[in-house]
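Structure first, then comments.
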């Protein structure tokens, strides 16, 4: 059901790309967007008691700008940086509602996505008066396609997997002189993916401030889900800078059908995974690690974990059906993977041994990021209501 590998290459080193200072600049930009408010940090004290830890805090990104997912943080920041660069102004001078009037014609942004990133780019492009073209891999849900189209973007579903869809979007950007806004990187394409990962740090900066404002314990253990590792690397980099790597342990979790970060963690260098990459966790079904964020994941992750889809389904049910006195979190497939794993670490015999090695005990304060809500409502109901992918 899950595989774990310790990070033999851990150094605890920080990254100059992902710091608290940069995160606060990103948050300042997000803060001027109409409708901005920090998403809830949900405390689950009764679940914490049941699982034998001191506290569990869940950052609920289903409330982000009404888009039901966190990805807009990266897309909006990257688009703003691109337009600021185009106009030769500081990003602090970018007003999303008026930037379009400063351009002779709309800029066309193109991206590949499993769903949430494309939604974020489409929303940001619309808010800035620009255009977006979104490519999606084969098997993408109709709900995701319609959501993106509803934001005014053109959306095309390809007949190839996610990583090949990224290559197709890059090719189209070159052919049509559009701007590629992708949340992974490769040789010669690093600036925009770096901005995207930096944009994600806003939610980590919010979370730490929320803990401090409520006199709650800072995390001793952080669980982060990974696809290409753009979000996990950005958040981990921030936390290493803000808290110090010696003060918490981090666990990177991904679906076993696309566990490129897990395999890279075993090898100590980037390992790509090919094939259909079929998983219910569409947002994490990526086979090629982001080289921008891989160095911080290699340096400062404590463990890498590869899990079956049933683990995510378990997490969705736990968050959506809380113990009495705890608040409910509607978490989608990619959002709930870490909660499912945390539960197994506390209850499964194999998990308990791993938990002991991680130092998970009654003094542990856990921080999780539920990165999406029920973005695919039909699948959410199949899993949470009908018991699809039950853990046995």
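The values are calculated or read from the model by the stated rules, or taken from the named source; none is laboratory data. On a predicted model such as this, the values are computed, not experimentally measured, just so you know. Here the Cβ positions follow ideal geometry from the backbone for every residue, glycine too, while neighbour counts run over all protein chains shown.
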## Note on the structure
The lone condition residue 290 fails out of (1) modelled with pLDDT of 95 or more; (2) within 18 Å of the chain's Cα centre (by Cα); (3) not in a loop (DSSP other than H, G, I, E, B) is (3)
### Task
Output the qualifying pairs, or none if there are none: Cβ atoms under 6 angstrom, residues six or more apart or on different chains, first residue in the stretch 321-344 and without any contact (Cβ under 8 Å) to a residue 12 or more places away in the chain, second residue assigned to a loop (DSSP other than H, G, I, E, B).
328/322
### Query
Tell me, which helices (runs of 4 or more DSSP H) wholly within the stretch 1-94 include 3 or more residues that are touching a helix residue (DSSP H, G or I) at 6+ places or on another chain (Cβ under 7 Å) and outside the structural domain of residue 293 (by TED's automatic domain parsing)?
72-87
### Message
For the stretch 161-181, give me each residue that is modelled with pLDDT of 95 or more and touching a helix residue (DSSP H, G or I) at 6+ places or on another chain (Cβ under 9 Å).
### Response
178, 179, 180, 181
### Summary
Residues in the stretch 242-262 that are over 20 Å from residue 58 (Cβ atoms), surrounded by fewer than 24 Cβ atoms within 10 Å (Cβ to Cβ) and within 19 Å of the chain's Cα centre (by Cα) total 2
### Verdict on residue 56 being modelled with pLDDT under 95 and surrounded by 17 or more Cβ atoms within 10 Å (Cβ to Cβ)
no
### Summary
Within the stretch 320-360, the count of residues that are out of contact with any helix residue (DSSP H, G or I) (no Cβ under 8 Å at 6 or more places or on another chain), assigned to a loop (DSSP other than H, G, I, E, B) and under 21 Å from residue 2 (Cβ atoms) comes to 2
### Summary
Of the residues in the stretch 278-287, those that are part of a loop (DSSP other than H, G, I, E, B), under 20 Å from residue 144 (Cα atoms) and either in contact (Cβ under 8 Å) with a residue 60 or more places away in the chain or more than 15 Å from the chain's Cα centre (by Cα) (or both) come to 278, 279, 280, 285, 286
### Task
Taking the residues in the stretch 102-137 that are part of a loop (DSSP other than H, G, I, E, B) and within 21 Å of the chain's Cα centre (by Cα) as candidates, determine which candidate is surrounded by the most Cβ atoms within 10 Å (Cβ to Cβ).
113
#### Entry: Single residue of 99, 91, 148, 156 found to be surrounded by 19 or more Cβ atoms within 10 Å (Cβ to Cβ), farther than 21 Å from residue 288 by Cα and more than 21 Å from the chain's Cα centre (by Cα)
99
